[in-house]
Amino acid sequence: MLLKEIKNIFHKELDGSYDKAEVDSFFYLLIEHYLGLERFVLALQPNLTINKKEEQPLFEALAQLRLHRPIQYIIGKSHFMDMDFSVDGTVLIPRPETEELVRWIIEELDPIKSPVRSKRSTILDIGTGSGCIAVSLAKNLPNYEVHALDVSLGALHTARSNAKANDVDVTFVEIDILDIETSAVNSEDSTIEYDIMVSNPPYVREQEKKDMHKNVIDHEPGLALFVSDENPLKFYEAIATFASKKLKKNGSLYLEINQYLAKETEHLLRKHNLSEIELRKDMFGNFRMMKGVNLKL
Ligand code: GLN
């Protein structure tokens, strides 16, 4: 079939559900991914035809796009901090807001700006998912040791392969942050203390689901996204409790937060003796990131 005919079929089938430009970008991504064709190929060879075998993955992808399956899950990869990350239904697709959180940390820990450390410092990423935060920090801050935990074995499997593919060392551990009180890393004899903690925990309330796209609600892991309306900060409570014990003096906790709960999140951090609170907006103008410092007495 002519490639341009397939492109027309994509528009016919998808234009009601997506922007035209979005459909174009799906199409070009798919021909690049499955057939190795550049996006300008149609301009150069308007009558390019592909055979049945080559058509097949494109039509399979089209069927999935009609079901609002995210394109990143269809091709199995996503882009974050100029690196490729494998993604599947066990992990959230990395978001641009989360890149902003990572950039904030890198900016503040940049080895050129911060004094040389005699002992290796350690960063902990709580609820790592695809590993995008942990892996990109390890890549950009080679002087830091990076540890990451998640409750989901599927996510840890994906995160490990992402660390490997991007050629960095990250120590991954299976832990439920809500149970961390009883786990080994939290015991009195565990001497490890972290210089930095970071987390993008679940924070979308049930009542906010109505503002979300079908591709997120139907396909991304609810475990990584949703919290109850009654106790929306339960992960923040567990993280702050842990941080107040295991973050070094003057160590910082960086969080992605629910834009509507900035005040409540700040209050919670202060309750756990985290101070010098800083709040930042994301590129969409929403209160999205918060930092607190452990000023242990
Ligand atoms: N910001 C994400 C979204 O819009 C939610 C991420 C999270 O819950 N940690 O889907």
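Does any residue of the stretch 154-177 turn out to be part of a strand (DSSP E or B), among the aliphatic types (A, V, I, L, M) and buried (at least 17 other Cβ atoms within 10 Å of the Cβ)?
Looking for residues that are part of a strand (DSSP E or B), among the aliphatic types (A, V, I, L, M) and buried (at least 17 other Cβ atoms within 10 Å of the Cβ), one finds none in the stretch 154-177, hence no.
Has the stretch 84-94 got any residue that is hydrophobic (A, V, I, L, M, F, W, C) and farther than 30 Å from VAL151 by Cα?
So far as the stretch 84-94 goes, no, none of its residues is hydrophobic (A, V, I, L, M, F, W, C) and farther than 30 Å from VAL151 by Cα.
Anything in the stretch 135-151 that is over 12 Å from ILE105 (Cβ atoms) and of a type in the set (S, T, N, Q)? List them, or say none.
Result: ASN143, single match.
Within the stretch 251-278, track down each residue that is away from the ligand (no atom under 15 Å from the Cβ) and assigned to a strand (DSSP E or B).
Once the filter is applied, which keeps residues that are away from the ligand (no atom under 15 Å from the Cβ) and assigned to a strand (DSSP E or B), the stretch 251-278 yields GLY251, SER252, LEU253, LEU274, SER275, GLU276, ILE277, GLU278.
Picking from ASP88, ASP84, which residue would you name as being in a loop (DSSP other than H, G, I, E, B), under 30 Å from LEU253 (Cβ atoms), modelled with pLDDT of 95 or more and of a type in the set (Asp, Glu)?
When all the criteria are applied, what remains is ASP88.
Just one of the numbered conditions (1) more than 16 Å from the ligand (Cβ to nearest atom); (2) within 22 Å of ASP82 (Cα to Cα) is not true of GLU193; which one?
Going through the list (1) more than 16 Å from the ligand (Cβ to nearest atom); (2) within 22 Å of ASP82 (Cα to Cα), GLU193 breaks only (2).
Per-residue answers, yes or no, for (1) farther than 19 Å from ILE93 by Cα; (2) at pLDDT below 95; (3) aliphatic (A, V, I, L, M):
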{"position": "SER199", "(1), (2), (3)": "no, no, no"}
{"position": "PRO202", "(1), (2), (3)": "no, no, no"}
{"position": "PHE235", "(1), (2), (3)": "yes, no, no"}
{"position": "ILE277", "(1), (2), (3)": "yes, no, yes"}
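For the stretch 92-110, which positions are away from the ligand (no atom under 11 Å from the Cβ), crowded, with 16+ Cβ neighbours inside 10 Å and within 18 Å of PHE287 (Cβ to Cβ)?
Hits for the stretch 92-110 are GLU99, GLU100, VAL102, TRP104, ILE105.
Taking the condition more than 10 Å from the ligand (Cβ to nearest atom) and within 30 Å of HIS68 (Cβ to Cβ), does GLY285 pass?
Yes.
May I ask you to verify whether PRO46 is assigned to a loop (DSSP other than H, G, I, E, B), surrounded by fewer than 16 Cβ atoms within 10 Å (Cβ to Cβ), assigned by TED's automatic domain parsing to the domain that holds GLY154 and at pLDDT below 95?
It is false that PRO46 is assigned to a loop (DSSP other than H, G, I, E, B), surrounded by fewer than 16 Cβ atoms within 10 Å (Cβ to Cβ), assigned by TED's automatic domain parsing to the domain that holds GLY154 and at pLDDT below 95.
Taking the residues in the stretch 209-229 that are in a loop (DSSP other than H, G, I, E, B) and buried (at least 16 other Cβ atoms within 10 Å of the Cβ) as candidates, determine which candidate is nearest to the ligand (Cβ to nearest atom).
That would be LEU225.
The rows are residues; the columns are (1) within 12 Å of the ligand (Cβ to nearest atom); (2) among the basic types (Lys, Arg); (3) not in a loop (DSSP other than H, G, I, E, B).
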site	(1), (2), (3)
GLN207	no, no, yes
ASN231	no, no, no
LYS249	no, yes, yes
ARG280	no, yes, yes
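Mind listing just one residue for me: the one in the stretch 233-247 that is among the aliphatic types (A, V, I, L, M) and free of Cβ contacts under 8 Å to residues at least 60 places away in the same chain and, of those, farthest from the ligand (Cβ to nearest atom)?
Filtering the stretch 233-247 for residues that are among the aliphatic types (A, V, I, L, M) and free of Cβ contacts under 8 Å to residues at least 60 places away in the same chain, the one farthest from the ligand (Cβ to nearest atom) comes out as LEU247.
Out of ASP125, ASP167, I need the residue that is at positive phi and modelled with pLDDT of 95 or more. Which one?
None of the others qualify; the one that does is ASP167.
The values are calculated or read from the model by the stated rules, or taken from the named source; none is laboratory data. Only a predicted model underlies this, so the values are computations on that prediction, with no experimental measurement involved. A quick note on method: Cβ atoms are made from the backbone with ideal geometry, for glycine too, and the neighbour counts reach across all protein chains shown.
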